[in-house]
Structure formats: C-alpha cells, structure tokens
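The values are calculated or read from the model by the stated rules, or taken from the named source; none is laboratory data. In this text, all values refer to a predicted model and were calculated from it rather than measured experimentally. Note that each Cβ is placed from the backbone with ideal geometry, even for glycine, and that neighbours are counted across all protein chains shown.
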There are 2 protein chains.
Amino acid sequence: MKSDKKIVLSESEIPRQWYNIQADMPCKLEPPLHPTTKRPVTPEDLSPIFPLELIKQEASVERWIDIPQEIIDKYRIWRPTPVIRAYELEKALDTPAKIYYKYEGASPAGSHKANTSVPQAYYNKTAGIKRLATETGAGQWGSALSLACSFYDMECTVYMVKISYNQKPYRRSFMQIYGAEVIASPSDRTQAGRDMLALDPDSLGSLGLAISEAVEDASSRPDTNYALGSVLNHVILHQTVIGLETQKQLEKVGEYPDVVVGCCGGGSNFAGLAFPFLKDKFTGTNIRAVAVEPTACPTLTRGVFAYDYGDLGKLTPITKMYTLGHNFMPPGIHAGGLRYHGESPLVSQLYHNGFIEAQAYHQTEVFEAAVLFAKSEGIIPAPESSHAIKGAIVEALKAKEEGRSKTILFCLSGHGHFDMTAYDNYISGKMEVPGDEQPLQANMISLPEI
Amino acid sequence: MKSDKKIVLSESEIPRQWYNIQADMPCKLEPPLHPTTKRPVTPEDLSPIFPLELIKQEASVERWIDIPQEIIDKYRIWRPTPVIRAYELEKALDTPAKIYYKYEGASPAGSHKANTSVPQAYYNKTAGIKRLATETGAGQWGSALSLACSFYDMECTVYMVKISYNQKPYRRSFMQIYGAEVIASPSDRTQAGRDMLALDPDSLGSLGLAISEAVEDASSRPDTNYALGSVLNHVILHQTVIGLETQKQLEKVGEYPDVVVGCCGGGSNFAGLAFPFLKDKFTGTNIRAVAVEPTACPTLTRGVFAYDYGDLGKLTPITKMYTLGHNFMPPGIHAGGLRYHGESPLVSQLYHNGFIEAQAYHQTEVFEAAVLFAKSEGIIPAPESSHAIKGAIVEALKAKEEGRSKTILFCLSGHGHFDMTAYDNYISGKMEVPGDEQPLQANMISLPEI
C-alpha cells in the first residue's frame, strides 16, 4: 500500500516563529534609499504608513521572530496546510521522480497571501490603526487583506486597477463579501488619481498608479495605514511559515527535497517556501531553489541588478533589486500576479549571489502544465502558481530522461477559481501562441542615479 | 488554550464501508414504479443506463457496503475532510452553543458531489462503459462528474440548462478544464432537445428537460451510461462517508451532536451527514435531524407525500416522495441546487415517519447568514450550503435565548466561488426582499394515477 497522499500536521505544530533569512545570508542587503533624498530610509520615513512592529521586522537581523498567539489563532482557521504527494501527476508523467507540493490555496482567500495579510492587520490593529489601504491587480492580495481586516474588525479600502475592476467583477464581489470597500483606480479619491483622470478620463489604470493612490490615502489619514502583499522583507518573513511547516511535514515521511520550485513575481511565495531550506544550503546542504517567472516579465532572467523605484510614481523607497525598469509595461498575460517590474530585494540578492536559479516560461506551456495538473491531481491552479507546476514538471521529465529518482517540492500558491476567463482562452485555442521572445523595452535608462 | 479548531483524520481513517440506512429504517421504502407500466421497476429496466453494481446498491438492504480500494485511492485526494469548530461564528452570535461544521467544499470539485461522482465513474468504468452523460443546473454536479471522469480517463458529456450555460460561463469552463463536453440544453443532439427547439427555438431549458436529454443520450449508445447527482438511494449511500467520518471526528473530542443540520434539495448532503446519526436514533439516542430548504421550493414543508415523476418528461421511474408536483416551476432563486420539485425517497420516508424535521427560509435571510459566516469563519459558502448555516444559526440563537449549551453540527457542502453574481445581488441590495410566501402552483392535479 502506498504512503498517504497528504502529509498533515496538527494545529499544535503550526510554527511559533517566523524565519528571518537576514540573520544567515552571507551577503547583506544594500539599504533602501529615500525616493527623493536618496539617503538610507529611516524608521521615521516609514512610520506614516507602517506600524512600528512591521518597520522593526523589515530591518531586523534576528534569526527567529515570535508569532503572537493572536495571529496563530487566525492562522489555524486554515493552517497547517497540507503537503501533497502528486502520485497522479507522477503517473501521468511516467517519471521516477517523487513530486510533493505544498498547497496554500486552502486558505479562505484562496492563496498564500493570507499568511501575511493576517499579521499585517494584527500589528496595525494593536498599533491603534482602524483602517488599511492597499492596491490589487489580479485580486489575490486584495482578497487576502479584506479577509484579514474582517477577522480583526478593521476597515479595508482596496484600489483595484480599473481594467481588473471591469474584467474581474467576481474578485470585486469576493472582497465586498468581507466588507471591503473596492475602488476602481484611477479614482477621484486621491491627487494621484485625479491627475491621471485629468490627463486621460478613460485610463484603465496600472498597478503602479494604484500603489500611489493607496499610499497617498494612507499618508493622508492618521487612522489609516498602508499594506503591501509582496516584495518587502517583513512580507517574506511572514511567508516563511510555508517552508517551516513543509520541513516538518517532509521530515515525517523521511524526505528531503533535491529541488524546491516556486513561481516568482514579487517573490513572496517562492521565498516563503525556499528560505527555510536555503538556511540549510548556507551550511552546505546540497539543495537547489528554482524561481519560475513568465517570459513576458522576466525580471530575474533578463533584468539587471540595480537600485530602482518600486512604483511608477516614484513614491516608494529605491531598493537594490533585479528590475526591468520601473516603467516597464509587461504584456497583459493572465498571470497578473507575476506582472511586476521588480523583485524582492532578498530574492534578488540571493539570486545575485548564486543561491537561487531562475527559469522563464511562456504562458501557453504554463497553461498546458496547469490542465495536466488539474486532470490528474484534481485541483485547478491559479495561473501564477502554474508556473511552479511547469517548473516541477520540467524537473520531473529531466529525472526521467536521466533515469534517476529525485525529490521535487513546489509551492501551489493558490487555486484558479477566479481565472476561468484565462482557462477559457487557453482551451478555446485563443491564447497567444508564443513566437520569439519579445525584445525588452529599453527602460534601463530610467534607473535612478544614485 | 482552546481545543483545535479543525478536527482532522488520517487517510487510514477514511471509512472502508458506506452505511445503508435501508437495513435499519423502521418503515421500508415503497417500490419505484415504471413510468409507463406503473409496475415495480426491475433491474432490467435500469440496465440500459446504470451498471449492475449501482443497480444492486439501489435496492440493497445490506447494512454495510464495502468501498473498493480504487475508490479510496481517489477519495484520499481530498478526504478525510475536516470537521471545524466554528469558534468565530459562536463569538459573533454570542451563543453558549458549540457549533461544528463538516466542510465538504475542500474537494477539487468544490462540493460533496465528488463523493458519489467518483464511485459512479468507477463502477461504470469497471463495467466497460467509456462515457457518461448527465445534466447540470447550478453546475456543482456537472463539475463533480467531470472531475471523476478525468480521474478514470472516461468521456463525459454534460447537458447544462441553457440559462445556466449562458449565465455561468465560468462553471462551463471549470468542467471543460477536466475535459468534459458541455452542451447547452435544449440541444439538437437528442429528440427531446429537438422537439423543444421546434416548439421554441429560444427556449432557455430546464433541469427536467436536461435530464431527459442525458437519459436519451445514455439509452441510445451502448458505450454510454447515465449518472445522477442526488435523490437516488445509491447516491445517498455514497454520501454517508460524510457522516461516518464526522462521527469518528466528534468522538475524538468527546462530542455528540444534539442536532444535525443540512440543506436539502434532492437530499444527498443532508442524508450523507445525518443518516449515520439516525442509525443511533433508531435505537433510542436523542438526536434531532433538521433539513433546511428554501421557501421558494418548500418540498418537505409544503409538499405532499405521494408517487410522482422525477422529471418533466416523465421518463424516470415514479417514486413515493415529498413533491410539489413534477411540473412545479420554482422561482429563479440563487440556490439553484435546491430548485427541485421532489425529494429523495429515503429522506421523504424518514420525514414522513417523524425521524427528520424540516425548516424553510427566504433567500435574503439565508444570504445574511452566509455573509456573517464568511466574515467570521472566512469561508465563502455556496448559496445552497448557506441554508444549513441559517438553520444552525437559528438553533444557536435558540440556545442563547434558553441560556443553555447545545452541540450543533451542520454540513457545509460547498464553497461559493462560482456564485459571486448572487452575492453581488445581495450586497448591492438588489436581491428580492421576501414578502408573504408565494402561493404554490396548483400542480398536484398532475400527480400520476397509480
């Protein structure tokens, strides 16, 4: 008889601390710079939009950071999440490799984003903040923050990129069920929004502009702070709960991965799974970590490692990261959550130092992998997460070719229940078939002078 | 410290047998009758559309029926499902009652329906059948059968009521991802469909007609059988895996429910949870079982116990059940899965004999319960399942009023990710506010003469 398909933990095994890779990484991060003065950002610079605890976490070099009981109490609504042995996918691929995936789509918000939205809401609540403002593109982050705010009885305002607001009305409803206020961006609620509307009343918005609106909203009201769903150090810190749980789970079945795979946009689910394993790699363990991105937005595989702005409006700190240029406009692929010009500074630094590998795939091959996964394993994956599936399948087929076993672990960061338009497009053969890779726009001239 | 929120089982604790209530119920079922001869249906009558094993299960009076290992192997993709203590809902209601729910929305198809679609596909596959035909209204059943057919590498054709096909394109895509063929009904693929189109080319279809199309399709091809998602004895048999798991889970925490609540359309998730507990009730245990239905389709609360057809076209056997008349047309409420004129004969008989209670609620109060649940427990429930939530809340508030504790158990049969239009309607205040109950149509004259 086969071993169990799902490796589960009890709630008492939810990690009590997050892992902070800044304590162990051999090369330290370069400091984030103020967008106008270009001097290192101080805690005071950040205090108008973030609570003190998160500012401290952002800069901390403590290895382990305690998770407050109040957060554990909410985590256990869906955590621990299962690690699942992909027996059916292995069979479909006829591979000698063992494939495991950590499934984060079991959270009520449908993705790993709730791992950080809950702590962010909690720390803001305890700091006396009554309301959070944020932006959302694809909708996963807005959903997760709406959920967290409903848990802690806070108000939540989500600036949703107008094209998504119009095209994904169900995502909007999803957030509204939790009581969030969802505003199409550009809006007349902020100066940034009004400026854009004056310029182009029909503007469909962009993530960069929505960030500017949310930051402006948060800065202008003392009861309101801002929350970001990826990229930042404290966000990635919270996501390490994914990898820490996974380590316990694999240990239970006597396994250790040869390779860890995650999709990579801002970097938070990839880092959340991989960083606890990189801790082992720093001390000599032989393990590969592979970040998978879309060819349409190839930040790691074709970007440069440089100081750049996080948003179009140049309101955010300048950070050292892999970037395609802050005014890079990626094509409108369906994996909206991976359409970001930059990359988390932590992931960037570790990639730069050779601890992480990166691969890029076209969306048609990614959807092919997604459909094979759905038919064999049952779960319909989010387009973003399907990049990790594709990466895992490539590894599994390599193992088959080489005729040797291998243990592959990937993060299935979310389900695809709100991405049916994308699947429809793929199934009906209307998805753009990739030709040669698009030449990247020559944005690098826009990098700030430091 | 509180006890765990989720009571989980290991895969080795998945039940190895289904429970057949026909062995224990004090009053036996009246036999189903052939729709034209009006004589008791024989196995031969059913063999053109069902495999022998399912026909045997339909009539069996064996108490326990073994679950084949091949079905367990698929069940474990999502089973055992968790029993969850609704701490957050209890707090929101400020009730002394303990509320537990069995969450069946964790299946890849998103509802309990996969518990029977998998065995149905399996038994058909082992009988040499290559293809299954079925109908779907709201889409939950079509999704579950599509999933099961993809697991066993079978073809699947789903006749989807045209109004749903047009209004719920995402449900259609969901089935297509698993490889199913989805056809708007009425279609030109069957005589029943062509007849309707000749009569009314713009017909938006009905569940009754879609059943007729699927049955005709299955009868006319030797490689094809028919599958039904509720009502029948073998369907309810498969669903008892819900209640059997729940009993083990509650036992682990030393609990036994005072009342078991489920939503009731055809009756399968209610029966699946409640029947293993009714076994105890037959031998004197004091437990209440409450079936919750919409006031718009009040089969148990306002129907009659009589022989009636299962479909509009009078192709299905005549069964003794609670019915509103086979030509009853319920209003277009959002809980499409509960819009059925009849009720499972097993549930009907047990209700008739006083072992089951029934309640009916308006959809606005049901959605109010759903939103409260989502905000507190996180999960956005299906409109159908929300009837069970409403029923549980009523019990919890009664306990509060009486100032005494009580253990309430309900089945959360599915998530609401494909029901955002309904939620949108509710949130924006556009959902019809209930006035007095609609007078039922005078359909009873259509009951067949036996």
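Structure above, values below:
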| item | result |
| --- | --- |
| Of residues in the range B:359-370 being within 14 Å of chain A (Cβ to nearest Cβ) and among the small types (Gly, Ala, Ser), the one nearest to B:ASP419 (Cα to Cα) | B:ALA370 |
| Tally, over the range B:151-173, of residues that are polar (S, T, N, Q) and in contact with a Cys (Cβ under 8 Å, 6 or more places away or on another chain) | 0 |
| Residues of the range B:63-121 satisfying the condition of being crowded, with 21+ Cβ neighbours inside 10 Å and small (Gly, Ala, Ser) | B:ALA86, B:ALA97, B:GLY105, B:SER107, B:ALA109, B:GLY110, B:SER111, B:ALA114, B:SER117, B:ALA121 |
| Pair list, Cβ < 6 Å and 6+ apart or interchain, from the range B:226-243 residues that are of a type in the set (Gly, Ala, Ser) to residues that are assigned to a loop (DSSP other than H, G, I, E, B) | B:GLY229/B:LYS113; B:SER230/B:GLY266 |
| So B:PHE373, is it surrounded by 24 or more Cβ atoms within 10 Å (Cβ to Cβ), within 14 Å of chain A (Cβ to nearest Cβ) and modelled with pLDDT of 95 or more | yes |
| The listed residue being in a loop (DSSP other than H, G, I, E, B), more than 14 Å from every other protein chain (Cβ to nearest Cβ), over 23 Å from A:PRO257 (Cα atoms) and more than 21 Å from the chain's Cα centre (by Cα), out of A:THR36, A:THR95 | A:THR36 |
| Single match in B:ALA291, B:ALA271, B:ALA227, B:ALA306 (criterion: surrounded by fewer than 21 Cβ atoms within 10 Å (Cβ to Cβ) and hydrophobic (A, V, I, L, M, F, W, C)) | B:ALA306 |
| Conditions (1) assigned to a helix (DSSP H, G or I); (2) over 30 Å from B:ILE99 (Cβ atoms): number failed by B:ASP202 | (1) |
| Scope the range A:171-195; condition of a type in the set (D, E, K, R) and within 10 Å of chain B (Cβ to nearest Cβ); matching residues | A:ARG171, A:ARG172 |
| Residue in the range B:330-345 that is more than 17 Å from B:ALA360 (Cβ to Cβ) and hydrophobic (A, V, I, L, M, F, W, C) present | no |
| Selected residue [at the interface with chain A (Cβ under 10 Å from one of its Cβ atoms) and not small (Gly, Ala, Ser)] from B:GLU70, B:GLU88, B:GLU62 | B:GLU88 |
| Conditions (1) within 14 Å of chain B (Cβ to nearest Cβ); (2) buried (at least 24 other Cβ atoms within 10 Å of the Cβ); (3) under 20 Å from B:MET420 (Cβ atoms): number failed by A:VAL161 | (1) |
| Test: A:THR126 is polar (S, T, N, Q), closer than 24 Å to A:HIS415 by Cβ and more than 14 Å from every other protein chain (Cβ to nearest Cβ) | no |
| Members of the range B:357-387 that are of a type in the set (A, V, I, L, M, F, W, C), under 18 Å from the mean Cα position of the chain (by Cα) and closer than 12 Å to B:ILE333 by Cβ | B:ALA360, B:VAL366 |
| Of all residues making up the range A:403-424, the number that are surrounded by fewer than 18 Cβ atoms within 10 Å (Cβ to Cβ) and either closer than 20 Å to A:THR364 by Cβ or within 12 Å of chain B (Cβ to nearest Cβ) (or both) | 1 |
| Number of the exception - A:SER47 against (1) out of contact with any helix residue (DSSP H, G or I) (no Cβ under 8 Å at 6 or more places or on another chain); (2) surrounded by fewer than 16 Cβ atoms within 10 Å (Cβ to Cβ); (3) without any contact (Cβ under 8 Å) to a residue 60 or more places away in the chain | (1) |
| Filtered residues of the range A:152-169 (kept if in contact with an Asp or Glu (Cβ under 8 Å, 6 or more places away or on another chain) and modelled with pLDDT of 90 or more) | A:GLU155, A:CYS156, A:THR157, A:VAL158, A:TYR159, A:MET160, A:VAL161 |
| Hey, B:ILE77 in contact with a Gly (Cβ under 8 Å, 6 or more places away or on another chain) and in the same structural domain as B:PHE355 (by TED's automatic domain parsing) or not | yes |
| Per-region count, the range A:390-414, residues touching a residue at least 60 places away in the same chain (Cβ under 8 Å) and more than 25 Å from A:ILE21 (Cα to Cα) | 11 |
| Residue in the range B:316-339 that is aliphatic (A, V, I, L, M) and at pLDDT 95 or above present | yes |
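Condition check ((1) charged (D, E, K, R); (2) under 12 Å from the mean Cα position of the chain (by Cα); (3) in the same structural domain as B:ILE427 (by TED's automatic domain parsing)) across all residues:
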residue	(1), (2), (3)
B:PHE270	no, yes, yes
B:PHE282	no, no, yes
B:GLY310	no, no, yes
B:GLY325	no, no, yes
B:ARG339	yes, yes, yes
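Here's the yes/no breakdown for (1) aliphatic (A, V, I, L, M); (2) touching a residue at least 60 places away in the same chain (Cβ under 8 Å); (3) touching a strand residue (DSSP E or B) at 6+ places or on another chain (Cβ under 6 Å):
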| residue | (1), (2), (3) |
| --- | --- |
| B:ASP4 | no, yes, no |
| B:ILE7 | yes, yes, yes |
| B:PRO15 | no, yes, no |
| B:ALA23 | yes, no, no |
| B:PRO32 | no, yes, yes |
| B:PRO43 | no, no, no |
